[in-house]
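In what follows, a structure is listed as structure tokens, so that the remarks can point back to it.
Quick note: the coordinates plus some simple rules give every number you see, no bench work behind them. Because the structure is predicted, anything quoted here is derived from the model rather than measured. We place every Cβ from the backbone using ideal geometry, glycine too, and count neighbours over all the protein chains shown.
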Amino acid sequence: MERYLEEHIRRDMAKKIIILSGPRQVGKTTLSKQLVPSFVYLNYDAASDRRMIREEDWPREVPLVIFDELHKLKNWKSKIKGIFDTDGIPPSLLVTGSARLETARKGGDSLAGRFFAYRLHPLTLKEIVHLLKQPSATALDRMLKLGGFPEPYLQDDETYARRWRRIHLDTLIRGDLLDLERVRDLKSIEILIDLLRTRVGSPTSYSSLAQDLQVSVHTVKHWLEILENLCVIFGVRPYHRNIARSLLKEPKYYFYDTGAVEGDIGARLENTVALALLREMHLVEDTTGSRTALHYLRDRDSHEVDFLVLVDRKPVILAEVKASDDTFAKALWHFGRHMPTTRKVQIVLDLKRAREKEGVSMLSAHVFLAGLTLP
């Protein structure tokens, strides 16, 4: 199954080191091994591979060397920089992993000018329709139940998905989290994740979470940052032209694993749309160098729209998500009048027919998601 990033990575790996990050078990290793027929795969967790990496004793005649979990090696960036500067390409060099690697990706320092970074996401409806040739409505129904991580989605079994999710989360918390941070209160972080599952789509009150967990607001904010670095959740903050003011307001948090969301179908659909938008934004950033941002809109008069996508600071999509309401949301016009060139769309799960009114489109969720692209 060829993933959506493969063509882009093949093009770039002839020139630069490739850093491939993303949530655990999203398919990074599988993708890496599909890029070329012949490669060397080295996992730093394996003793024999660890020795080979330290001694730089791998075959040079292959077109690609894949380093997995390399971030566990102290000063790994200096190591890969030295190999790139001394040996050049070929072979191409690809570093893959999650957690600490994602943190390192944000600060290129010693690798500056030598790498291109890519972020792999779970399967989206657009990718499923393209790869698996499933009808979009059927695929969306399955995704809302199982999420988009390849293993549970392809198994198509809700009991299997629940078992997979429990082990996946335990590995993240007791493996990756402890590798990333010295955190003692793992049980409270598990409770925090459970609390967030039930609050998807709602502004997050740090003080409320702090009270529920009996910790400080500072601790809650730090734990949320850790969960973002682990690619468990991602935040969507309110939009304001004054960016500093935006950062001070309450964010909403969504899950990379949409199957983990608890609550009604509306919350799961909103999370699915949020993640699809984020994937398209990351794809634009990683392949074009543009800057993107995802926000929600809310004013003092209680007008609210779920999502605003910016590309290079310009609004491109204004989107409201509904489980069943086929009445146009007035807030789309309220905010849309300040953004005349923006695509304005209401996304509805159960919609009999598409509609258009005064520059606002109303589309079925499966239609919108299957055709989603950013201008």
Over 24 Å between alpha carbons, listed pairs LYS322/LYS344; LYS15/LYS79; LYS252/LYS330; LYS16/LYS252; LYS33/LYS72:
LYS16/LYS252
Among the lysines, which have Cα under 21 Å from the Cα of LYS133 when same-chain residues fewer than 8 positions away are ignored?
LYS145
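Let me check I have the definition right: for region 276-363, take the eigenvalues of the Cα gyration tensor, multiply each by 5, take square roots. What are those semi-axes in whole Å, largest first? Walk me through the intermediate numbers first.
On the way: eigenvalues 106, 49, 27 Å².
For region 276-363, the ellipsoid semi-axes come out as 23, 16, 12 Å.
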Answer rounded, prolate or oblate for region 10-141, using the Cα gyration tensor with square roots of eigenvalues a ≥ b ≥ c: rounded when a/c is under 1.5, else prolate when a/b is larger than b/c, else oblate.
prolate
Which FRET efficiency, nearest 0.05, do LEU154 and ARG10 yield, Cβ-Cβ r, R0 25 Å?
0.55
If you rank TYR160, TYR256 by fewest surrounding Cβ atoms within 10 Å, what's the result?
TYR160, TYR256
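Lys and Arg at +1, Asp and Glu at -1: add these up for the other residues within a Cβ distance under 15 Å of GLY359 and post the number.
Values: positive: LYS330, ARG337, ARG343, LYS344, ARG355, LYS357; negative: GLU320, GLU356, GLU358.
With Lys, Arg at +1 and Asp, Glu at -1, the neighbours total +3.
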Env charge @ THR204, Cβ radius under 11 Å, K,R +1 / D,E -1, value +4
May I ask for the net charge around ILE66, where only other residues with Cβ less than 13 Å from the Cβ of ILE66 are counted and Lys, Arg are +1 while Asp, Glu are -1?
-1
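What does the C-alpha gyration tensor say about the overall shape of region 125-370? Classify as rounded when a/c is under 1.5, otherwise prolate if a/b is larger than b/c, or oblate.
Working: a/c = 1.77, a/b = 1.22, b/c = 1.45.
Oblate, since a/c reaches 1.5 and b/c is not below a/b.
At a Förster radius of 41 Å, what calculated FRET efficiency corresponds to the Cβ-Cβ distance of GLU190 and MET1, to the nearest 0.05? Kindly include the intermediate steps, with their values, before the conclusion.
Numbers: r = 32 Å, r/R0 = 0.78.
For GLU190 and MET1, the calculated efficiency is 0.80.
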Which residue, GLY113, GLY148, GLY266, tops the fluctuation ranking in a GNM of the chain built on C-alpha contacts under 10 Å?
GLY113
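If the only charges are +1 at each Lys and Arg Cβ and -1 at each Asp and Glu Cβ, what is the size of the charge dipole of region 125-370 around the Cα centre, to the nearest 20 debye? Each step should come with its number before you reach the end.
On the way: 36 positive and 35 negative charges, 137 e Å.
The calculated dipole for region 125-370 is roughly 660 debye.
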Between LYS81, LYS249, LYS357, which gets the highest mean-square fluctuation from a Gaussian network model of the chain, Cα cutoff 10 Å?
LYS357
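For GLU285 and HIS240 in one chain, what is 0.36 nm times their gap in residues minus the Cα-Cα distance, to one decimal in nm? Could the numbers behind the result be given before it?
Details: separation 45, 0.36 × 45 = 16.20 nm, distance 2.13 nm.
Full extension from GLU285 to HIS240 adds 14.1 nm.
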When the charge dipole of the chain is computed with +1 at the Cβ of Lys and Arg and -1 at the Cβ of Asp and Glu, the Cα pointing farthest to the positive end, of PRO23, SER361, LEU120, is that of SER361
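Given +1 on the Cβ of Lys and Arg, -1 on the Cβ of Asp and Glu, and no further charges, what dipole in debye does region 109-210 carry about its Cα centre, rounded to the nearest 20? Don't jump to the answer; show the numbers that get you there.
Details: 16 positive and 14 negative charges, 24 e Å.
The calculated dipole for region 109-210 is roughly 120 debye.
Quick check on the exposure proxy: order ARG279, ARG165 from fewest to most C-beta atoms within 10 angstrom. Present the calculation step by step, with values, prior to reporting the outcome.
Values: ARG279 22, ARG165 17.
The order, fewest Cβ neighbours first, is ARG165, ARG279.
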Between SER302, SER202, SER188, find the one with the highest GNM mean-square fluctuation for the chain; connect C-alpha pairs within less than 10 Å.
SER302
Listing THR373, THR342, THR138, THR258 by rising number of other beta-carbon atoms within 10 angstrom, fewest first, gives THR373, THR138, THR342, THR258
